[in-house]
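Undergrad: Below: one structure in structure tokens.
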Amino acid sequence: MGRRNGVVAVLAVVGLLVPGAPAVAEPDGWHGGDLRLEVLSGPARYVSGGAARVRVVVPRSVALDDVAVTVNGRDVSDSFGPDDRAPHALEGVLRDLPLGSSTVAARVPGRWRPDRATVTLVNHPISGPMFSGPKQPDFFCSTPAHLAGFDLAGPFLDSDCALATRVGHYYLSTAGGWRPFDPAAPRPADLAQTPTGVDFVIRWERGTINRFIYTIAVLDPTVSGPSSLPHWNRKLIYYFGGGVAIGHYQGSNNQSESRYVHGLGAGYAIAWSTGTKTNTHYNLVLGGETALMVKSRFVTEYADPEYTVGLGGSGGGIQQYVYGQNHAGLLDGAVPQHSYPDMVTQTIHVGDCELLERWMDLQARADPNSKWRIWSNRTQLEGLASSDTVANQYQPLTPWLAAPGSTECVKGWRGLSPLVLNPKFGTAPGITPEQQARVEWTHWNDAVNVYGRDPATGFARSTWDNVGVQYGLRALLDRGLTPAEFLDLNATVGGWKSPELAVQEGCPFISAACPADIDVWSARNITAPDANGVAPRTAGNVEAMRAAYRSGLVFDGRIDIPIIDWRHYLDGELDMHNARQSFASRQRMLDRQHSFANQVVWFTDARPARAFDQTPLALAVMDEWLTNIREHPWRGVVGNKPARAVDSCFATDGTLLHSGPDAWHGIIDGRPAGPCTQRFPIHGTSRTVAGAPFDEQHYKCALQPVRIAMARGVYGWWRPSAAELTRLEQIFPTGVCDYRKPDVGRPQHFG
């Protein structure tokens with residue numbers, strides 16, 4: 001029978017508890033013959049767009065031409081050809097699959113009975129969803145200006161913002177930037193070359209998947225098309241985008257990611273999507289689904305990469321940790337940059353920032369000699385970095401704070417509490433005031449399919465909680481706070497109002513409110529003191545917290561792929577990408593899988609400026625690591641680590657300062673500080689300086705009565721008087737945090 005030649009794709013994944021966990025279809029017939037089907041383009045139950053790439057592994061005693069393949073009983077054998085990536089197998093692309101389930105069967109005639117293997121494919125619309133739940137209403141298509149960033153102009157084909165798939169060729173100009181390439185025209189005089197001397201011309205595919213705009217770029221100077229790409233190195237970078245947004249928008253391009261010059265020049269293909277860019281949304285169930293669909297498109301239409309490595313910073317780094325945990329087989333390795341373990345547990349301490357800044361600012365306004373006029377003192381309450389020299393753009397709005405300086409809470413995080421919490425604050429490009437007014441603009445609503453709704457208010461349920469948190473506890477123990485200050489802080493710091501009570505923000509967040517209506521802290525949405533002078537705390541919804549765990553929005557440390565976690569050291573800049581986050585991820589890995597040996601942490605100094613990008617080195621070392629795994633799979637991830645895959649720190653110019661297993665001693669262990677630890681100090685958070693553990697993975701702390709805490713010595717040197725004890729019990733009527741116990745929001749027996 002006639003068969004076309006083909007190539008293999010990615011490892012099969014067939015339905016386990018976590019979407020994307022790996023498995024292959026077991027044969028229905030004679031097992032000893034090793035006939036089996038593998039779905040190469042992704043999980044068998046998560047096929048999209050009507051196409052899947054499949055491998056048939058054939059017993060060596062059987063000729064390949066003797067194998068018949070059917071879909072729902074229809075013979076599709078002509079779609080398969082010898083697999084050049086497996087020793088004795090066929091591979092092919094199945095197209096025009098109907099929505100829903102299809103049975104793929106491979107059959108080999110046998111002497112006594114036929115040898116047969118089957119697998120069920122479940123096809124979903126290319127517009128989604130597969131497993132993320134009902135589509136988000138009030139979803140706005142990209143503006144013409146943002147479409148232009150993809151060299152697209154529409155029109156949209158339906159209410160899902162679908163666009164016709166377009167493929168074009170572009171060249172990198174020696175003057176910088178990409179320009180359309182016409183193979184029939186004379187060679188452009190400004191056509192750059194790759195480091196290997198190849199004309200820097202790429203094939204750039206754009207279209208829509210899961211309502212978001214995706215792109216696939218690959219080096220193609222001969223304009224050969226996806227079936228013949230001689231300059232592709234057979235490796236795929238999935239570039240995940242960062243930023244912070246709360247959905248309801250299709251998104252915009254980031255040229256430095258979607259057409260990543262270093263990666264393309266080194267021969268990698270680059271996959272990218274607005275749906276895997278956190279400056280579009282932070283629903284990482286939807287994002288993980290989108291990543292699976294985009295990679296399926298690549299594998300089905302192009303070929304099987306030797307490996308897929310994740311790349312991306314900030315939210316792009318978060319996605320690698322979260323998707324690496326949730327979707328086994330999606331990524332073979334990860335290079336998260338400037339990362340955090342996840343987004344959702346960052347909200348825990350970031351939500352404290354403005355509550356604490358407001359308290360300290362008001363203390364400073366009332367007292368010219370207040371310690372809080374010295375910015376570096378604020379680390380006592382916030383844990384995060386602070387500085388007496390870094391410029392503060394908000395100083396004109398708080399003129400009593402005349403001294404220079406700022407905090408990470410101000411410079412790094414100001415404005416993000418209302419973005420995540422206030423249902424009235426957010427917006428999307430190009431929409432009308434009426435459209436803005438009908439959307440509930442919170443992270444919780446963006447991922448409402450995970451969190452659910454409060455039946456009493458109709459608003460999405462929130463995880464944010466500060467009940468029982470004793471702000472400034474460590475400062476009290478260190479005598480940086482007096483008992484009177486500690487009591488006043490915890491009585492008046494308050495919490496965030498429930499969403500049905502929230503009002504629109506003021507200046508500087510709403511420009512129309514300036515200059516009269518100044519409210520840098522979002523104080524209008526902070527709870528007010530009651531008759532006892534105690535501002536109520538905010539109680540998060542425990543079911544929403546548990547749903548965040550179960551859905552995989554929380555990175556819980558379960559990840560077994562190679563990781564090179566790289567960042568510039570930015571604590572001195574008060575940048576939000578603080579250095580402790582690499583080790584928060586590490587601590588969770590240690591807690592959940594009793595090892596972090598598959599994670600390597602690299603820092604590059606950025607003092608006085610960011611001058612060197614260690615990413616090319618990270619990709620080179622990751623290539624060694626993944627190549628070793630491919631060639632010696634029995635050694636496992638850790639057994640295949642190359643010599644350079646080791647904890648390290650680098651100078652501002654990228655030169656190595658130190659590498660070795662002792663580099664980061666002293667951060668999450670009790671050892672003396674290692675050479676890199678000494679050079680790059682790690683800070684805390686508002687919750688760690690209130691007694692929480694290092695990884696602060698506590699949505700909601702367990703509570704203990706104040707008197708029990710006192711008897712346990714929680715207050716150290718301080719022995720509250722009868723009046724102070726009464727006040728503590730007024731402030732904390734249900735008790736104070738007992739961080740010896742696990743997160744109340746964590747489901748029992750989880751993981």
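Undergrad: Mind ranking 271-277, 402-408, 161-167 by how tightly packed they are, going by the mean number of other C-beta atoms within 10 angstrom, highest first?
TA: Values: 271-277: 28.6, 402-408: 19.4, 161-167: 15.9.
Top to bottom by mean Cβ count within 10 Å: 271-277, 402-408, 161-167.
Undergrad: Let me ask another. In terms of modelled amide H atoms, which long-range or inter-chain residues lie less than 5 Å from the amide H of Phe80?
TA: Here Arg4 satisfy the definition.
Undergrad: Explain nothing, just compute: Karplus ³J(HN,Hα) = 6.51 cos²θ - 1.76 cosθ + 1.60, θ = phi - 60°, for every residue of the range 582-597 in order, whole Hz, x for Gly and Pro.
TA: Values, residue by residue: 4, 8, 5, 4, 4, 4, 5, 4, 5, 5, 8, 10, 6, 6, 10, 5 Hz.
Undergrad: Right, another one. Cysteines without a disulfide-compatible partner in the chain, using Cβ under 4.7 Å as the rule?
TA: Isolated Cys, the chain: none found.
Undergrad: Please list, by residue number, every one of the trypsin sites (Lys or Arg not before Pro) in the range 656-751 that is coil in DSSP and has at most 12 other beta-carbon atoms within 10 Å.
TA: Working: sites: Arg679, Arg687, Lys700, Arg707, Arg712, Arg727, Arg740; in loops: Arg687, Lys700, Arg712, Arg740.
Sites meeting the loop and neighbour criteria: Arg712, Arg740.
Undergrad: Tell me which residues come under 5 Å, amide H to amide H, from Ile213 once H is placed; ignore anything under 5 positions away on its chain.
TA: Counting only residues 5 or more places away or on other chains, the set is Thr274, Gly275.
Undergrad: What is the magnitude of the charge dipole of the range 320-366 about its Cα centre, with +1 placed on the Cβ of each Lys and Arg, -1 on the Cβ of each Asp and Glu, and no other charges, expressed in debye to the nearest 20? Don't skip to the answer; put the middle values down first.
TA: Numbers: 2 positive and 6 negative charges, 15 e Å.
It works out to roughly 80 debye.
Undergrad: Okay, moving on. Please report the accessible area of Thr677 (heavy atoms, 1.4 Å probe, ligands and nucleic acids excluded) in Å², nearest 10.
TA: Thr677 has an accessible surface of roughly 20 Å² with all protein chains in place.
Undergrad: List nothing, just return the count: lysine pairs in the chain, 8 or more apart or interchain, with Cα separation under 16 Å.
TA: Counting lysine pairs in the chain gives 4.
Undergrad: With n ≥ 4 as the cut-off for DSSP H runs, can you work out [θ] at 222 nm for the chain, using -39500 (n - 2.57) per run divided by the number of residues, rounded to the nearest 500?
TA: Per the formula, -6000 deg cm²/dmol.
Undergrad: Starting at the first residue of the range 50-63, write each ³J(HN,Hα) from the Karplus equation 6.51 cos²θ - 1.76 cosθ + 1.60 with θ = phi - 60°, in whole Hz, x for Gly and Pro.
TA: x, 9, 8, 9, 10, 10, 10, 8, 10, x, 4, 7, 10, 5
Undergrad: Then there is this: Dimensions of the range 348-466 along principal axes (Cα, Å, largest first)?
TA: Principal-axis extents of the Cα atoms in the range 348-466, largest first: 48, 32, 23 Å.
Undergrad: Whole-Hz ³J(HN,Hα) for each residue in the range 382-396, computed from phi via Karplus 6.51 cos²θ - 1.76 cosθ + 1.60 with θ = phi - 60°, x for glycine and proline: what do you get?
TA: Calculated HN-Hα couplings, in order: 8, x, 5, 5, 8, 8, 9, 10, 5, 5, 10, 5, 8, 4, x Hz.
Undergrad: While we're here: In the neighborhood of Phe139, defined by Cβ-to-Cβ distances under 14 Å, what is the net charge if each Lys or Arg adds +1 and each Asp or Glu adds -1?
TA: Numbers: positive: Lys135, Arg211, Arg438; negative: Asp138, Asp158, Asp160, Glu440, Asp446.
Around Phe139, the charge tally is -2.
Undergrad: Then there's this: Starting from the Cα gyration tensor of the range 260-301, take the square roots of the eigenvalues, sort them a ≥ b ≥ c, and report rounded, prolate or oblate (rounded when a/c is under 1.5, otherwise prolate if a/b is larger than b/c, else oblate).
TA: On the way: a/c = 3.85, a/b = 1.49, b/c = 2.58.
Note, shape of the range 260-301 comes out oblate.
Undergrad: What percent does the relative contact order of the range 495-607 come to when contacts are Cα pairs within less than 8 Å and at least six residues apart? All intermediate terms of the calculation are to be shown ahead of the outcome.
TA: On the way: 125 pairs, mean separation 24.2, N = 113.
Reported as a whole number, the value is 21 percent.
Undergrad: Something else about it: Can you tell me the dipole magnitude for the chain around its Cα centre, using point charges on the Cβ only (Lys, Arg +1; Asp, Glu -1), in Debye to the nearest 20? Please report the intermediate quantities before stating the final value.
TA: Details: 68 positive and 73 negative charges, 188 e Å.
Roughly 900 debye, rounded to the nearest 20.
Undergrad: With an 8 Å Cα cut-off and a minimum separation of 6 or more residues, compute the relative contact order for the range 677-751 in percent. Numbers along the way, then the final one.
TA: On the way: 56 pairs, mean separation 32.8, N = 75.
Relative CO of the range 677-751 lands at 44 percent.
Undergrad: Let me know the charge dipole size of the range 551-648 about its Cα centre in debye, to the nearest 20, where only the beta-carbon of Lys, Arg (+1) and Asp, Glu (-1) is charged.
TA: Values: 12 positive and 13 negative charges, 48 e Å.
With only Lys, Arg, Asp and Glu charged at Cβ, the dipole is about 240 debye.
Undergrad: Test of understanding: what is the full-extension gain from Asp517 to Thr196, defined as 0.36 nm times their sequence separation minus their Cα-Cα distance? Display every interim value, and only then the final one.
TA: On the way: separation 321, 0.36 × 321 = 115.56 nm, distance 5.83 nm.
So the chain would gain 109.7 nm between Asp517 and Thr196.
Undergrad: With a 1.4 Å probe and all protein chains kept in place, how much accessible area does His568 have, in Å² rounded to the nearest 10?
TA: 20 Å²
Undergrad: Going by amide H atoms built from the backbone, whose H comes under 5 Å of the H on Tyr46, apart from near neighbours?
TA: The list, which skips near neighbours in sequence, is Val122.
The values are calculated or read from the model by the stated rules, or taken from the named source; none is laboratory data. Computed from a prediction, not measured in an experiment: that's the story for all the values here. Methodologically, a virtual Cβ is constructed for each residue, glycine included, from the backbone with ideal geometry; neighbour enumeration extends over all protein chains shown. Side chains included, ligands, DNA and RNA excluded: accessible areas come from the protein's heavy atoms. Shrake-Rupley method; radii C 1.70, N 1.55, O 1.52, S 1.80 Å.
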